[in-house]
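In what follows, a single structure is set out as structure tokens and then discussed.
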Amino acid sequence: MVVHASEPLRHMVFRNIRWDTFERLLDDMGESHLRVAYDHGKLEFMTISLEHDSYGRWIGDLILFVAMEMKIPLRKGGSTTLKQALLDVGLEPDECFWFKHEKRMRGRKTWNALTDPPPDLAVEIDITTSWLDRLGIYASLKVPEVWRYDGKKLRVLILGADGAYKECEKSAVFPALPMDQFVRFVRRLDDGEETALLREFTAWLRDDVLAKPNGRGRKNGKKHA
């Protein structure tokens, strides 16, 4: 077993780890404050800083408010471990959500790669950089959309028919959402009070997004077709 560790210690990578060892470690770790990824024998443990966790949770909150205002059914998955033994891969996103398959996942306590649909959207915070190919793992698990945020830029990545992600200007889940404006509210977490920002964000959604003819809301008190 070979170990690679960053300095200062933020994550470690173990090589030549068997899948059953990976699963036993997940069981033993429980709800630890770590992110775990596994890719064909390479096992990574990554500690999550306050900055990293805050951004992940904040983007998750904003997504929840977007879905609520657009009346889109949602099932939150948080950092559920997504793993597929047949593909020899697994990871824990910072946040994940089901929209299209919300009804199938409603009330579920676990996720099974063989019977359950992958999340429709996963959120990755790149404050602490992984040494593994996390996008490759998401692609293997067939997660159709990933948002990656590095503290400044938010990239919307859509899975193509060729099995690779392509950066896009719009989200497939929220096509009416202006992502260049959305990321402004993500960045404002650094110097704003969260409940005040959420009120402002909700007002922006209602007045500048949903009130437009292509928005999924109301204008002058009438629903758009």
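If you check ALA139, ALA176 for being touching a Gly at 6+ places or on another chain (Cβ under 6 Å) and touching a residue at least 60 places away in the same chain (Cβ under 8 Å), only one passes: ALA176.
Of the helices (runs of 4 or more DSSP H) that lie entirely inside region 1-106, those containing 3 or more residues that are farther than 20 Å from ASP133 by Cα and at pLDDT below 80 span 19-29.
Would you point out the residue of region 107-130, among those that are of a type in the set (A, V, I, L, M) and in a loop (DSSP other than H, G, I, E, B), that is farthest from ILE63 (Cα to Cα)? Here the answer is LEU114. Residues in region 189-201 that are surrounded by fewer than 16 Cβ atoms within 10 Å (Cβ to Cβ) and under 21 Å from the mean Cα position of the chain (by Cα): 2 in all. Checked against the criterion of being over 13 Å from ILE63 (Cβ atoms), among the β-branched types (Val, Ile, Thr) and not in a strand (DSSP E or B), region 188-197 contains one or more residues that satisfy it.
Scanning region 198-211 for residues that are over 23 Å from HIS52 (Cα atoms), touching a residue at least 24 places away in the same chain (Cβ under 8 Å), assigned to a helix (DSSP H, G or I) and aliphatic (A, V, I, L, M) turns up LEU205, VAL209.
Is there a residue being surrounded by 19 or more Cβ atoms within 10 Å (Cβ to Cβ), touching a Pro at 6+ places or on another chain (Cβ under 8 Å) and of a type in the set (A, V, I, L, M) anywhere in region 77-95? Yes, because at least one residue in region 77-95 is surrounded by 19 or more Cβ atoms within 10 Å (Cβ to Cβ), touching a Pro at 6+ places or on another chain (Cβ under 8 Å) and of a type in the set (A, V, I, L, M). Has region 114-128 got any residue that is in contact with a strand residue (DSSP E or B) (Cβ under 6 Å, 6 or more places away or on another chain), farther than 18 Å from GLY78 by Cβ, surrounded by fewer than 20 Cβ atoms within 10 Å (Cβ to Cβ) and not β-branched (Val, Ile, Thr)? Yes, because at least one residue in region 114-128 is in contact with a strand residue (DSSP E or B) (Cβ under 6 Å, 6 or more places away or on another chain), farther than 18 Å from GLY78 by Cβ, surrounded by fewer than 20 Cβ atoms within 10 Å (Cβ to Cβ) and not β-branched (Val, Ile, Thr). Taking the conditions (1) closer than 26 Å to SER54 by Cβ; (2) without any contact (Cβ under 8 Å) to a residue 60 or more places away in the chain; (3) of a type in the set (A, V, I, L, M) in turn, LEU159 satisfies each one other than (1).
The values are calculated or read from the model by the stated rules, or taken from the named source; none is laboratory data. All figures in this text were calculated on a predicted structure; none of them were measured in a lab. Using ideal geometry, Cβ is built from the backbone for each residue, glycine included, and neighbour counts are taken over all protein chains shown.
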